[in-house]
Amino acid sequence: MIRKLLIANRGEIARRIARTCRRLGVRTVAVYSDADAGAPHVREADEAVRIGPAPVAQSYLNIEAILEAARQTGADAVHPGYGFLSEHAGFARACQDAGLIFVGPSPDAIHAMGSKIEARRRMVSAGVPVVPGTEAGLRDVEEALSAAERIGYPVMVKASAGGGGIGMQVVDGPEALRQAFAANAKRAASYFGDGTLFLEKRVFPARHIEIQVLFDGHGHGVYLWERECSIQRRHQKVVEEAPSPFADDDLRRRMGEAALAAASAIGYVNAGTVEFLVDEARRFYFLEMNTRLQVEHPVTEMITGLDLVEWQLRIAGGEALSFGQADVRRDGHAIECRVYAEDPVRMLPSPGTITRLELPSGDGVRNDVGVAAGSTVSPYYDAMIGKLIVHGADRGEAIARLRAALDAYVVEGIRTNVPLLRRIAAAQAFSEGRTTTDFIDRLLQEDTQREKRQEG
Ligand code: MV4
């Protein structure tokens, strides 16, 4: 078993990883930038090491400084959390080269899923369904135009190195494709250092449903059911739940088996997530595999009773899974809301100092937050300050608990999206499970129209 873990992250996820370590008797090393010197994740760790100034390039992305912190403190393993270096194959390799256990998959597995084109190719070979599209990078716009004729419009232009919707665009015809091709190649090149594009048929309306998997290093893997992540805005997830209100037992079993095939095909070890698009006819298509612990992992923990960080550590330490697929529980329903420090009107980050913080409590309520009263929310980092997770015996009870918890949620000193979360939780379309990817935009449109009618 791992004895001392360096947590190469900050905020709520650093605290959440440390919580499991304390329960398991694993000692923790926090790292921090100058902006985080007094942060909760630093105070709560057994040891803490400064790794640089506030900008991420000099601190949380500073591989040399993080490895030096591990060396200084005698840590034997590194957990990358999510974001930052979590899907950086070179970091995973550098940890291994320094004699440290990287809590995550192999550098090769991270690399294989980092290229969308490569991932698609490997999924096709493994028999995992992908959206009809191009099997290699597009050399020029003429090649894109002929591929689009074959696929049929509308198509999605996507960047092979893409993420967060960057370099991605829906295109209705050849004229738009000419423009989108140049613009997205340029954008992808500047963001990712790789302007390679590919095309897929556009699936619409679609849901985003993902499968959590766990693989040990002894050839055993299980899927831990699905998470529905369709409620998002501008490629930022806002509400996630498990199970999906859209999935039935047949769909979840077929998707679970496809996810196991996807992970097996690349020799995946540790926790991972296979993302799918699901259309109205319940056909599903591989989108990408996330080779890290995800923000929304708590909803899976709440319905299965498993601690995913514990299993990440056990697997990284060489242990085998002690249970099989038939032992994986699926109890009740869990919903997570991401609480962002943001201006609700402009949807922009709202940094500042939190003067008051009161978190809801009660049966089935979990708070994973990175801040406390007195904390400053820095403009240098992600604006997500924490997550509210609720569990109930069924979806109705979970929603009732969510509404009550959001009503009791108090953050003062900064602006947050809590009012938007309350609006979502109150919506009829949400309680009816009609949560396609345009849900928030439609909700806000309805509100604007209602306001106009009342004024007029
Ligand atoms: C798609 C799609 C429709 N058709 N691909 C968004 C994030 C990125 N990982 C892939 N995304 C999409 N890919 C095809 N072929 C629609 C989206 C998409 C989306 C997917 C799930 C949830 C919300 C979304 C919002 C916009 C676009």
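Just a few scattered comments:
- Which numbered condition Ser190 misses (of (1) out of contact with any helix residue (DSSP H, G or I) (no Cβ under 6 Å at 6 or more places or on another chain); (2) more than 26 Å from Ser86 (Cβ to Cβ); (3) more than 16 Å from the ligand (Cβ to nearest atom)): (2)
- Looking across region 1-40, the residues that are surrounded by 18 or more Cβ atoms within 10 Å (Cβ to Cβ), farther than 21 Å from Gly374 by Cα and touching a residue at least 60 places away in the same chain (Cβ under 8 Å) come down to Ile2, Leu5, Leu6, Ile7, Ala8, Ile17, Thr20, Cys21, Val26.
Let's see how each residue does on (1) within 16 Å of the ligand (Cβ to nearest atom); (2) in contact with a Lys or Arg (Cβ under 9 Å, 6 or more places away or on another chain); (3) basic (Lys, Arg); (4) not assigned by TED's automatic domain parsing to the domain that holds Leu277:
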residue	(1), (2), (3), (4)
Gly386	no, yes, no, no
Glu397	no, no, no, no
Arg401	no, no, yes, no
Thr416	no, no, no, no
Ala429	yes, yes, no, no
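- Residues that are farther than 20 Å from Ile110 by Cβ and among the polar types (S, T, N, Q) number at least 1 in the following strands (runs of 3 or more DSSP E) confined to region 203-293: 221-233, 236-242.
- Contact map, region 206-219: first residue free of Cβ contacts under 8 Å to residues at least 24 places away in the same chain, second residue small (Gly, Ala, Ser) and assigned to a strand (DSSP E or B), Cβ cut-off under 8 Å, separation 6 or more or different chains; the map is empty.
- As a summary of the residue check, Gly162 satisfies the conditions (1) surrounded by 18 or more Cβ atoms within 10 Å (Cβ to Cβ); (2) at pLDDT 95 or above except for the one numbered (2).
- The set of residues in region 344-370 being assigned to a loop (DSSP other than H, G, I, E, B) and either within 20 Å of the chain's Cα centre (by Cα) or closer than 16 Å to Ala408 by Cα (or both) consists of Met347, Leu359, Pro360, Ser361, Gly362, Asp363, Gly364, Gly370.
- Matching strands (runs of 3 or more DSSP E) fully within region 1-52 where at least 3 residues are closer than 23 Å to Gln294 by Cβ: 4-7, 27-33
- Which listed residue is touching a residue at least 60 places away in the same chain (Cβ under 8 Å), closer than 24 Å to Leu443 by Cβ and surrounded by fewer than 21 Cβ atoms within 10 Å (Cβ to Cβ), from Arg283, Arg233: Arg233
- Condition broken by Ala180, with the remaining ones in (1) of a type in the set (A, V, I, L, M, F, W, C); (2) in contact (Cβ under 8 Å) with a residue 24 or more places away in the chain; (3) surrounded by 20 or more Cβ atoms within 10 Å (Cβ to Cβ); (4) assigned to a helix (DSSP H, G or I) satisfied: (2)
- Where a residue in region 309-327 is over 12 Å from Asn270 (Cβ atoms) and modelled with pLDDT of 95 or more and its partner, wherever it lies, is surrounded by 11 or more Cβ atoms within 10 Å (Cβ to Cβ) and of a type in the set (A, V, I, L, M, F, W, C), with Cβ under 7 Å and at least six apart: Glu310/Leu24; Gly324/Val222; Gln325/Val222
- When region 116-170 is filtered for residues that are part of a strand (DSSP E or B), within 9 Å of the ligand (Cβ to nearest atom) and not hydrophobic (A, V, I, L, M, F, W, C), the ones remaining, listed by number, are Gly133, Lys158, Gly163.
- Filtering Gly332, Gly362, Gly370 for residues that are touching a residue at least 40 places away in the same chain (Cβ under 8 Å), buried (at least 19 other Cβ atoms within 10 Å of the Cβ) and closer than 23 Å to Arg19 by Cβ leaves a single hit, Gly370.
- The condition (being within 16 Å of the ligand (Cβ to nearest atom), of a type in the set (Gly, Ala, Ser) and over 26 Å from Asp438 (Cα atoms)) is satisfied by just one residue among Ala262, Ala271: Ala262.
The values are calculated or read from the model by the stated rules, or taken from the named source; none is laboratory data. Note that the structure is predicted; figures quoted are calculated from it, not measured. Here the Cβ is made from the backbone with ideal geometry for all residues, glycine too, and neighbour counts use every protein chain on show.
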